[in-house]
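Quick notes on the structure that follows.
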Amino acid sequence: MAPGPDLPDWADPQDLDPSVRSALRGLESRNADRVARHLVTAGTVVDEDPELALAHARAARDRASRIAVVREAVGVTAYHAGDYAEASRELRAYRRMSGDEAYRAVLADCERALGRAEVALRLVHEALAEGPDPAETVELQLVEAGARQDLGEAAAARLVLEGGLGGRPTPSGVDLTDDGTLRLASAYADLLAATDDPAAEEWRAAVDAAAPDEDDDVAFGEEELLEAPGEPDAPVEAAAVEGLDDAADDGPDFDADVEREVAELLGEVDPPEDGTPH
C-alpha cells in the first residue's frame, strides 16, 4: 500500500467529530490514529487544496476501506475536487454500508456533472417523491434546475426555482435570511441573467446584500459541498500491510454491486427481478 501524503504535525485526531472517532474504534490503535489524522487533514485543507484533501481521504480509505464514514469522506472530498465519478462511487458505497440517504442531491448532481442530466432528473424526482425535509428539498430543486438548463430547458428551470421561492417571487417578497431561500434566489438571479431578463440585476443586488461574509467550514458527516470541474483519477490499489487490520478492500462482490447500481440508473442493465433495492 502506498503510504499516502505526509501528515502535518497539526493534524490531531481529537479534532475529528466524536461520531467519526467512534466509528474508528474497531481499528488497531496506531492505524486508527493515522486514519483519523488523514481525515482531519482532508477536512481542513479541502477548500484551499481539494486535490491534496482527496489524497489524504484516499490514504484513509486504503487503511480503513470498510468503515462507512471513511468512504463518505472520500466521496465528499472527491466532489470538492471535481472527481464526480469517484464521488458517486464512494457515496453510493457509503449509502450501502450505512443506509444513510443524505447524499441523494449530491449523487444526482454528480450525474449531472458527468453529462447525464436525464439520470440526474430521475434521481431528483425519486427523492422528491419520498417527501424530503426542507433543506434537502432545496438541494434537489437546485440540481433539477441545473439539469433542466443543461438540457436547454430554461423555462422549465425557471418554473422549478420559482416554485421553490413560493411562485411569482419578488426580491422583497422572499426571506433572504433563510439559507435555502438565499441559494434558490442566487440560482434564480443567475438564470435570469443568462436569459437576459431585466429583473436579473434587482435579484442579484438583493442576493449580494443578504449573502453572509464567510463560508462555513467543511465537516464530514454534513452536506457542506462545493462544485468544481474535474476528471476521475485511477483507482488506488490497496495491499495488505502488517499491523493494518482493515487495509483490504471490499472485494469484487461489493464493487460489482455498486457498479451494477450505476448501470441500472443509466438503463444499461435491467433491475433485479426480485425487486431488491440498490
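Computed from the coordinates by the stated procedures, all read-outs in this text should not be read as laboratory data. Keep in mind that this is a model prediction, so the values were computed, not measured.
Relative contact order, percent, of the stretch 13-63 when contacts are C-alpha pairs under 8 Å separated by at least 6 residues? Mind showing how you got there, number by number?
Working: 42 pairs, mean separation 17.0, N = 51.
This gives 33 percent for the stretch 13-63.
Obtain the radius of gyration and the Kirkwood radius of the stretch 117-217 from its C-alpha atoms and give Rg over Rh.
Values: Rg = 13.4 Å, Rh = 13.9 Å.
Checking Rg against Rh, the ratio lands at 0.97.
Taking 8 Å as the Cα distance limit and 6 or more residues as the minimum spacing, I'd like the relative contact order of the stretch 117-217 as a percentage. Each step should come with its number before you reach the end.
Working: 91 pairs, mean separation 20.5, N = 101.
Once divided by the residue count of the stretch 117-217, the mean separation gives 20 percent.
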